[in-house]
Amino acid sequence: MASIQINRLGKIYTGDVRAVSEIDLTIKDGEFIVLVGPSGCGKSTLLRMIAGLESISEGDLFIGERRVNDLEPSERDIAMVFQNYALYPHMTVYNNLGYGLKNRGFSKDEIKTRVDAIAKMLEITPFLERKPKALSGGQRQRVAMGRALVREPKVFLLDEPLSNLDAKLRVQMRLEIKQLQKRLKTTSLYVTHDQLEAMTLADRLVVLNQGRIEQVGSPMDVYNRPETLFVAQFIGSPSMNLIPFTEFQQSDNQQLLSHLPATTDILGIRPDQLLLSKPKEDALRLDCQVCLFEPAGAESHLYVKTPLGQDLTLRVDIDPQVRENTTLSVYIPLNKVHPFNQSSQRRTDIQ
Amino acid sequence: MVENNSWSRFVTHCILILGVALVVFPVYLAVIASTHEAGTFLSGTLPLLPGSQGLENYKQVLFEGRSRAGTPPLHTMLWNSFVMAMTITIGKLLVSLLSAFAIVYFRFPFRMFFFWVIFLTLMLPVEVRIVPTFQVVADLGMLNSFAGLSIPLIASATATFLFRQFFMTIPEEMLEAARVDGAGPMKFFKDILLPLSITNIAALFVIMFIYGWNQYLWPLLITTDPEYYTIVMGIQRMVTGADAEPLWHLVMATVVLAALPPILVILFMQRLFVKGLTETEK
């Protein structure tokens with residue numbers, strides 16, 4: 001168990017390509033951190049730098065009290081689960097689990113005790129004598145987890161470990177990973193591009209974009225108060241509607257907008273906060289054209305177009321009984337909007 | 001798909017049997033000839049059934065040789081061939097495995113340059129460089145020695161290239177997992193790469209062994225001492241050895257014995273192929 005301290009970490013590849021820049025992050029002992037972002041945002045690179053598989057170009061990395069910038073992965077006391085599991089195909093599951101221990105000079109008896117305990121915990125005891133190719137995807141995933149857990153590392157690194165599983169198994173493994181981490185209380189870093197995984201697993205979420213941290217916070221904080229336009233659009237599905245001020249030409253709207261911070265020029269609103277009938281509280285009104293209704297049971301979506309041609313998404317519980325190409329009024333409750341500034345890309349109501 | 005009627009099956013079988021007969025018949029003749037007396041082969045018509053002299057003929061070539069013609073007993077030549085072929089094979093495998101490992105997994109200056117230099121040597125088989133190589137071996141005093149027989153043939157671009165291609169198909173995560181598991185480079189090589197390459201090693205072993213065993217020109221050039229004759233060149237010595245008529249029945253016995261070890265190697269290694277193919281997976 002250990003905390004991780006990251007100071008102004010950066011990665012520059014040959015040819016002056018910056019993959020990661022100025023990462024500052026403190027991870028508490030036992031915390032479950034999820035790094036999330038679109039592909040190419042540097043989240044995997046950051047994880048691999050912490051693992052020691054990529055060299056660190058600038059900044060400092062501490063695991064516990066130790067500066068580990070120049071240590072080999074095996075000396076950092078970390079364990080990693082790879083996206084494709086990277087199990088050793090010629091070894092049995094037992095040897096796969098025990099290989100790291102063997103290299104560290106553990107005795108045969110101790111390896112057996114540890115491997116048996118982990119196998120029991122992950123319910124892979126029946127497969128110990130099999131080779132990886134004789135296992136299903138979910139079982140391989142467990143073995144990969146086991147190989148990381150068996151060493152009892154200070155830090156547990158997971159690089160999109162669930163992306164090779166089918167949807168049902170993914171949900172199940174997600175739950176198990178969360179429970180396992182709660183029980184073992186090992187500091188964990190988890191990389192994913194799947195925001196549902198990110199939201200459900202994380203103690204704290206780190207949203208990355210273009211090699212920089214956009215926001216750090218608990219999943220609900222990040223969801224409820226996105227600090228940048230990028231986070232606002234990236235977290236939440238369907239993503240947040242962003243409406244520039246130019247859309248609100250009607251005079252009653254203008255009066256309401258003056259309540260927002262002065263630099264605001266773009267409004268964000270979640271699809272489930274948009275209303276089709278006028279609420280009691282103050283609300284902006286837009287007369288939109290209906291484009292498409294997408295019934296999907298509990299979460300049906302209504303797509304509309306504003307007068308200036310901006311697309312909006314509404315989440316509705318019941319069939320609104322509207323026809324395509326008709327006009328209807330959409331209400332935006334003022335207390336639910338997220339005010340942003342287009343040029344700074346940031347939220348405007350931060351004190 | 002070709003239609004599977006009895007007529008087409010008959011024709012294809014005829015062609016296949018004809019092909020096999022073309023290849024096998026001379027071998028069969030050699031086996032038959034080696035069991036007859038000296039005169040039978042020369043009389044012009046060779047019987048198609050085994051003769052009675054088989055045992056004596058083999059005993060003679062194996063243990064007596066033809067001292068008059070200057071060829072040693074066959075068992076010496078068989079042993080020499082075996083040592084040469086094994087040294088070349090194991091040497092080639094070791095050198096090429098290690099150089100492919102270096103080229104694929106290490107970043108050092110001029111890495112690609114060295115790779116291409118190794119690759120270019122594919123264009124220089126023994127026969128092309130035989131005169132300068134002879135000069136070097138002679139200057140180093142390695143004529144008439146096992147070292148001289150095998151060392152110049154050990155460097156192998158083919159095997160290096162094949163292992164390089166194979167190593168590049170092993171996912172990089174395998175190396176990273178090993179690094180996280182605390183395996184250094186040589187440990188990774190020994191514990192992960194070698195076991196994964198076992199089928200390739202077996203296949204190359206067969207090819208290289210036969211290559212080494214069938215070396216003819218090179219041993220012919222650098223051995224003058226019968227102690228170091230190999231069997232393939234020994235056959236030639238037997239035919240042209242003395243002014244006397246070649247003893248064809250003995251030559252044939254030698255031929256049969258010379259062909260035996262490669263066949264055994266293939267049969268034995270084939271098991272390993274199959275085993276390796278069914279039990280490992282990338």
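Looking at region A:283-351, the trypsin sites (Lys or Arg not before Pro) that sit in a DSSP loop and have at most 15 other Cβ atoms within 10 Å of their own Cβ are A:ARG323. Looking at chain B, the pairs of alpha carbons with a distance over 23 Å make up 66% of the total. The sum of -39500 (n - 2.57) across all DSSP H runs of n ≥ 4, divided by the residue count of chain A, sets its helix-only mean residue ellipticity at 222 nm to -7500 deg cm²/dmol. Calculated FRET efficiency, B:VAL31 to B:PHE119, Cβ-Cβ distance, R0 = 45 Å: about 0.60 to the nearest 0.05.
For region B:75-119, applying the loop criterion from DSSP together with a ceiling of 13 other beta carbons within 10 Å to the trypsin sites (Lys or Arg not before Pro) yields B:ARG107. Using a simple spin-label model with pseudo-atoms 7 Å out from Cα toward Cβ, B:GLN236 and A:GLN172 lie 6.9 nm apart. Residues in region B:170-183 carry Karplus couplings, in order, of 7, x, 4, 4, 4, 5, 5, 4, 5, 5, 5, 7, x, 9 Hz; the curve used is 6.51 cos²θ - 1.76 cosθ + 1.60 with θ = phi - 60°, and Gly or Pro positions show x. For the options B:ILE266, B:ILE90, B:ILE15, a Gaussian network treatment of chain B with springs between C-alpha atoms closer than 10 Å singles out B:ILE15 as fluctuating the most.
Computed with a 1.4 angstrom probe on protein heavy atoms, the A-B interface buries about 2100 square angstrom of accessible area in total.
Mean residue ellipticity at 222 nm, helices only, chain B: -21500 deg cm²/dmol; runs of at least 4 DSSP H residues each add -39,500 (n - 2.57), and the sum is divided by the number of residues. Approximating the spin labels as points 7 Å out from Cα along Cα→Cβ, the B:LEU140-to-A:LYS28 distance works out to 6.8 nm.
All Cα-Cα separations within the protein assembly as shown were binned at 10 Å from zero, giving a P(r) of 3, 12, 16, 15, 13, 12, 10, 7, 5, 4, 2, 1, 0, each value a whole percent of the pairs. The orientation-averaged projection of the convex hull spanning the C-alpha atoms of region A:240-340 amounts to 6.1 square nanometres.
For chain A, taking Cα atoms only, Rg and Dmax work out to 24.3, 80 Å respectively. With a cut-off of 18 Å on the backbone N, the residues of region A:189-230 near the modelled label site 7 Å out from A:SER343 along Cα-Cβ are A:229. Summing Cβ point charges (Lys, Arg +1; Asp, Glu -1) relative to the Cα centre of chain A gives a dipole of roughly 1320 debye. Loop-resident chymotrypsin sites (Phe, Trp or Tyr not before Pro) (DSSP state other than H, G, I, E or B) in region A:24-96 with no more than 11 further Cβ atoms inside 10 Å of their Cβ are absent. Taking the Cα centre of region A:76-189 as reference, the dipole from Cβ charges on Lys and Arg (+1) and Asp and Glu (-1) amounts to some 100 debye. Residue by residue, region A:281-296 carries 3J(HN,Hα) couplings of 6, 4, 8, 7, 10, 10, 9, 10, 9, 6, 9, 7, 10, 10, x, 8 Hz when phi is fed to the Karplus relation 6.51 cos²θ - 1.76 cosθ + 1.60 (θ = phi - 60°); x denotes Gly or Pro.
Taking Lys and Arg as +1 and Asp and Glu as -1, the other residues whose beta-carbon sits under 12 Å from that of A:THR264 total 0. Sketch the reach of a paramagnetic label on A:ARG285 as a point 7 Å from Cα along Cα-to-Cβ, and name the residues of region A:214-250 whose backbone nitrogen lies under 17 Å away. Label zone hits: A:247-250. Hey, which lysines would be in cross-link range of A:LYS168, C-alpha to C-alpha under 24 Å, not counting anything within fewer than 8 residues on its own chain? Reachable lysines: A:LYS120, A:LYS133, A:LYS178, A:LYS182. Here the simple spin-label model places points 7 Å from the Cα toward Cβ, and for A:ASN164 and A:ALA296 these points are separated by 2.8 nm. Counting DSSP beta bridges with both partners in region A:137-240, what percentage is antiparallel, nearest 5? Percentage antiparallel, nearest 5: 50. Straight-line cross-link partners of A:LYS43 among the lysines, defined as a Cα under 18 Å from its Cα and at least 8 positions apart when in the same chain: A:LYS11. Other chains near A:84-93: what is the mean number of their Cβ atoms within 10 Å of each residue's Cβ? The per-residue average across the peptide is 5.
The values are calculated or read from the model by the stated rules, or taken from the named source; none is laboratory data. Computed from a prediction, not measured in an experiment: that's the story for all the values here. Counting neighbours? That spans all protein chains shown, and the Cβs are built from the backbone with ideal geometry, glycine included. With ligands, DNA and RNA removed, areas are computed over all heavy atoms of the protein, side chains included. Shrake-Rupley method; radii C 1.70, N 1.55, O 1.52, S 1.80 Å.
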